[in-house]
1. Which ones in segment 33-67 are surrounded by fewer than 11 Cβ atoms within 10 Å (Cβ to Cβ) and among the hydroxyl-bearing types (Ser, Thr, Tyr)?
2. Quickly run through segment 68-82 and pick out the residues that are exposed (fewer than 12 other Cβ atoms within 10 Å of the Cβ) and of a type in the set (Lys, Arg).
3. Go through segment 23-81 and give me each residue that's in a helix (DSSP H, G or I) and acidic (Asp, Glu).
4. Are there any pairs, at least 6 apart or on different chains, whose C-beta atoms fall under 9 Å, with the first in segment 74-88 and of a type outside the set (A, V, I, L, M) and the second in a helix (DSSP H, G or I) and surrounded by fewer than 16 Cβ atoms within 10 Å (Cβ to Cβ), and if so, which?
5. For segment 16-24, does any single residue satisfy the condition of being closer than 25 Å to Arg91 by Cβ, at pLDDT 95 or above and out of contact with any Phe, Trp or Tyr (no Cβ under 9 Å at 6 or more places or on another chain)?
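The values are calculated or read from the model by the stated rules, or taken from the named source; none is laboratory data. From a predicted model like this one, the values you see are computed outputs, not experimental measurements. Neighbour counts are summed over all protein chains in view; Cβ atoms, including those assigned to glycine, are modelled from backbone coordinates with ideal geometry.
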Amino acid sequence: MNWTEAHLMGDLEAMEERMSQSKTMGQHRVGVDFNPSHLTVVDEIKQRAADLIDMIDELPNPGNDEITRLKAIAMTEIETGCMYAVKAAVRSM
C-alpha cells in the first residue's frame, strides 16, 4: 500500500468513525445501515428495535449490578428478535 492509499484509508476510517458516533447505541447494535435487500420493512424493523434498545439504555441505573444485567439481557434479546424479524421479512418477499 502506498502513501496515497494509506492516506485515503485513514480518511475512510475517520469518516466511518464519525458516522458511527452519530448513531445511537440502538442503531449501532442492530446495524441500521446494513440492508442489502433495500426493503423498507427491514429499515422499519431495525429502527423500532433500535428505539427500544435506546429506551432501555436510558432507564435509571443507581449502580445496581442486577439492573445493569437485566438491561443488558433485554437489549441482547431485542437484537436477537430484530435479527429473526428481518430474516422473516426478507424471506417472505
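1. If the condition is that a residue be surrounded by fewer than 11 Cβ atoms within 10 Å (Cβ to Cβ) and among the hydroxyl-bearing types (Ser, Thr, Tyr), then Thr40 is the only one that fits.
2. Arg69 - this is the single residue of segment 68-82 that is exposed (fewer than 12 other Cβ atoms within 10 Å of the Cβ) and of a type in the set (Lys, Arg).
3. Residues satisfying the conditions are Asp43, Glu44, Asp51, Asp54, Asp57, Asp65, Glu66, Glu77, Glu79.
4. Listed by first residue and then by second, the contacts come to Cys82/Arg48.
5. no
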